[in-house]
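The structure under discussion is supplied below as structure tokens; questions concerning it will follow.
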Amino acid sequence: MQENTYTPGYSAPVLSFMGRRTAETHGGFFLPRLRVGWRLLDAGCGPGTITLGLARAVEPGQVVGIDIEESQFASARERAEREGLNVEFRRASVYELPFQDASFDAVFSHALLEHLRDASAALVEMRRVLKPGGLIGVRAEDAGGALIDAASDGPAQAFAAYLATRRAIPKILTTWAANSGGCCGKPTSRLTA
Ligand SMILES: C[S@@+](CC[C@H](N)C(=O)[O-])C[C@H]1O[C@@H](n2cnc3c(N)ncnc32)[C@H](O)[C@@H]1O
């Protein structure tokens, strides 16, 4: 089993930051491609606010949100129940998805791959559960255009080191896609807060 180290953690500010995301603001490239009735997987769904929007797009189809941290799902689970959405949240790792081969029409993942030790392995696993001809939508950080304006050189140096570690960030998605059998298309937009 792959090691999971997720450095941002699950503090209230982190969850509140992510909980403001919606399918429209952070998955807008994917929504128009979805079809009513599809079964969709949201891998690394976090607090699940994007997941709920995806569920509205495919309802009455089912959306399954998986994440390694169960504690994040509570609020989204309640909202899904209140709204009558067909959503299931499960604790699982993207490296070992607890689903049969070819069991989803679409797989979505937002802001997950850049946190993984082996993003290519995750993409291969996402592809395994995707039906032939199915759709994968991945959005991951492109920090190549970041601007830093700080009183000292420290933050800029830290960020430069971060970028060096991560190497050619804008190219990462295409590399991952190629390494995992070409299951993804071109990088789309920048990650927004
Ligand atoms: C930056 S958050 C993104 C959450 C959500 N997709 C969003 O954009 O609001 C990354 C999430 O990936 C989850 N994660 C990290 N490693 C994972 C793994 N191996 N399998 C599944 N989820 C993982 C973390 O627990 C965290 O909730």
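Among the listed residues Leu97, Leu113, which satisfies the condition of being within 13 Å of the ligand (Cβ to nearest atom) and at pLDDT below 95?
Leu113 is the lone residue from the list that is within 13 Å of the ligand (Cβ to nearest atom) and at pLDDT below 95.
Pairs needed: first member in region 7-21, over 18 Å from Leu113 (Cβ atoms) and assigned to a loop (DSSP other than H, G, I, E, B); second member anywhere, near the ligand (Cβ under 9 Å from one of its atoms) and of a type in the set (Asp, Glu); C-beta distance under 9 Å; at least 6 residues apart or different chains.
Tyr10/Glu69
A follow-up question, please. Can you tell me which residue is farthest from the ligand (Cβ to nearest atom) among those in region 22-34 that are surrounded by 14 or more Cβ atoms within 10 Å (Cβ to Cβ) and part of a helix (DSSP H, G or I)?
The qualifying residue farthest from the ligand (Cβ to nearest atom) is Leu31.
While we're on this one: Looking for whichever is touching a Gly at 6+ places or on another chain (Cβ under 6 Å), surrounded by 14 or more Cβ atoms within 10 Å (Cβ to Cβ) and in a loop (DSSP other than H, G, I, E, B) here; the options are Gly65, Gly37, Gly46, Gly61. Which one fits?
Only one candidate passes the filter, namely Gly61.
Residue under question is Ser103, and the condition is that it be away from the ligand (no atom under 16 Å from the Cβ), touching a strand residue (DSSP E or B) at 6+ places or on another chain (Cβ under 9 Å) and of a type in the set (S, T, N, Q); does it hold?
Considered against the rule, which asks whether it is away from the ligand (no atom under 16 Å from the Cβ), touching a strand residue (DSSP E or B) at 6+ places or on another chain (Cβ under 9 Å) and of a type in the set (S, T, N, Q), Ser103 comes out as yes.
Only one of (1) assigned to a strand (DSSP E or B); (2) over 18 Å from Pro8 (Cβ atoms); (3) within 11 Å of the ligand (Cβ to nearest atom); (4) not acidic (Asp, Glu) fails for Lys131. Which number is that?
It fails just one condition, (3).
The values are calculated or read from the model by the stated rules, or taken from the named source; none is laboratory data. In this text the structure is predicted, and so the values were computed from the model without any measurement. Glycine gets a Cβ as well: all are built from the backbone with ideal geometry, and neighbour counts include every protein chain shown.
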